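What follows is a short report on a single structure.
The values are calculated or read from the model by the stated rules, or taken from the named source; none is laboratory data. This structure is a prediction, so every number in the text was calculated from the model and none was measured. Ideal geometry is used to build each Cβ from the backbone, glycine not excepted, and the neighbour counts take in all protein chains shown.
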Amino acid sequence: MNKARVEAFTDAIVAIVMTIMVLEIKIPRGSGWLAVWSEKAYFLAYLISFFRIATTWYNHHYLFTTARWISKRVFWLNMIWLFFMSLFPVATGWISEQIHSRVAAYFYFLIFTVWAITYYVMVGILAKDNPKN
């Protein structure tokens, strides 16, 4: 698999997901700080989601620069990882609007957990596929 194409596609999906999340921020209905504060739940969920994605994307970039090639297994794990990342805007929006909902909290936690597990499995397989790096 062409490593550069996988990296470019991943970068595009990360940018799209982060853009969707920022577009979900509601414009305050007033001109004071209380209007901004009323959206604190989304800002908190957005902050957590944004920095989790940013940190993992940085590590993903470093990991892929050290790899010589990408196997089909890594390609498909990367796609699964991106799929769960694409659900972040939904999970982030839902948890911020239903802050006391257990179902929303479980969904948010489930998306992050499966996303993280997929990433760590991908890291392990990529390391096995590229032993000298």
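Within the range 96-115, the set of residues being over 20 Å from ILE16 (Cβ atoms) and either touching a residue at least 60 places away in the same chain (Cβ under 8 Å) or of a type outside the set (S, T, N, Q) (or both) comprises GLU97, ILE99, HIS100, ARG102, VAL103, ALA104, ALA105, TYR106, PHE107, PHE109, LEU110. Can you find a residue in the range 48-56 that is at pLDDT below 90, surrounded by 14 or more Cβ atoms within 10 Å (Cβ to Cβ) and of a type outside the set (Asp, Glu)? For the range 48-56, residues at pLDDT below 90, surrounded by 14 or more Cβ atoms within 10 Å (Cβ to Cβ) and of a type outside the set (Asp, Glu): absent. LEU44 satisfies every condition listed in (1) under 30 Å from LYS132 (Cα atoms); (2) in a helix (DSSP H, G or I); (3) in contact (Cβ under 8 Å) with a residue 24 or more places away in the chain except (1). Scanning the range 117-133 for residues that are of a type outside the set (Ser, Thr, Tyr), touching a residue at least 12 places away in the same chain (Cβ under 8 Å) and part of a helix (DSSP H, G or I) yields VAL121, MET122, VAL123, ILE125, LEU126, ASP129. Of all residue pairs spaced 6 or more apart or on separate chains, those with beta-carbon atoms under 8 Å, a first member in the range 1-27 that is in a loop (DSSP other than H, G, I, E, B) and a second member that is of a type in the set (A, V, I, L, M, F, W, C) and exposed (fewer than 13 other Cβ atoms within 10 Å of the Cβ) are MET1/TRP69.
Determine whether the range 84-106 contains at least one residue that is under 11 Å from the mean Cα position of the chain (by Cα) and closer than 22 Å to MET1 by Cα. Yes, the range 84-106 contains a residue that is under 11 Å from the mean Cα position of the chain (by Cα) and closer than 22 Å to MET1 by Cα.
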